[in-house]
Amino acid sequence: MSRFTTRAIVIGAVVGLLGVASYAVADMGKGHLKAGTLTGYEENPDLSTAATGTFEARIIGEKTIAYKLTYSGLEGTVQQAHIHFGKVAINGGVAAFLCSNLPSPPPGTPACPASGSVTGEIDAADVIGPEAQGIEPGAFAELIAAMRAGHTYANVHSSKWPTGEIRTQILGERKSKHDKHS
């Protein structure tokens, strides 16, 4: 094999590896968070209700969380929905509002539909705590860390079940569709 052929192979391999690495790095920070289906069985204590829902969220530039919450079949009138700081099967304090129909919600909080979807964005100004669990108001980076660690959940509260009718754990970031181990 000539020196020219060997150099061409080495250069081709390096360029290929750099391309794969840059693609992986570019895709890494997408911040799509995984969550299961909201059900009463995720509540603590468990709750038998036909209501269901989904929660999708994406971290954008480490400064914003864009979300979509969808639900239907609630037995009570929707009062509010939040992201809570808590492990699987453990109740925790409210970190941020997703929607509210109660008087005087935090500024910018969208109203909760009777059923259907609500979308919005959360930034540092929307993080309200829970201070008793070490997340101070405005501590956006701490909320993101808890979400990535799988220690937060989305919860929809109704008039019949004011402590929560349906819930799902937010399980951290999804693997890239290009990750063969996902």
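One table, with the values for the structure above:
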| read-out | value |
| --- | --- |
| Proximal charge balance of Ile90 [Cβ under 14 Å; K/R count +1, D/E count -1] | -1 |
| Relative exposure of Val156, Val94, Val118, judged by other C-beta atoms within 10 Å (fewest first) | Val94, Val118, Val156 |
| Segment 46-119: GluC sites (Glu not before Pro) falling in loop per DSSP and having at most 13 other Cβ within 10 Å | Glu62 |
| Residue list for segment 62-103, given a label point 7 angstrom along the Cα-to-Cβ vector of Ala132 and an amide N cut-off under 17 Å | 83-87, 90-96 |
| Cross-link reach list, aspartates and glutamates versus Lys34, counting only Cα pairs under 14 Å and skipping chain neighbours closer than eight places | Glu56, Glu173 |
| Packing-based exposure ordering (other Cβ within 10 Å, fewest first) of Thr70, Thr152 | Thr70, Thr152 |
| For Glu42, net neighbour charge (Lys/Arg +1, Asp/Glu -1) across residues whose Cβ lies under 13 Å away | -1 |
| Cα-projected label distance for Ser117 with Thr64, points at 7 Å along beta-carbon direction, nm | 1.7 |
| R0 of 22 Å, Cβ-Cβ distance Ser104-Ala125: FRET efficiency to nearest 0.05 | 0.85 |
| Difference of contour (0.36 nm per residue) and Cα-Cα distance, Thr163 to Val88 | 25.4 nm |
| Within straight-line cross-link reach of Lys160, aspartates and glutamates at Cα separation under 13 Å, skipping those fewer than 8 residues along the same chain | Glu75 |
| Segment 154-172 and segment 62-116: distance between their alpha carbon centers, rounded to Å | 8 |
| Net charge of Cβ neighbours under 15 Å - reference Gly108; Lys, Arg +1; Asp, Glu -1 | -3 |
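Laboratory data are not the source of any read-out in this text; all were calculated from the coordinates shown. Keep in mind the model is a prediction, meaning the values are calculated, not measured. A quick note on method: Cβ atoms are made from the backbone with ideal geometry, for glycine too, and the neighbour counts reach across all protein chains shown.
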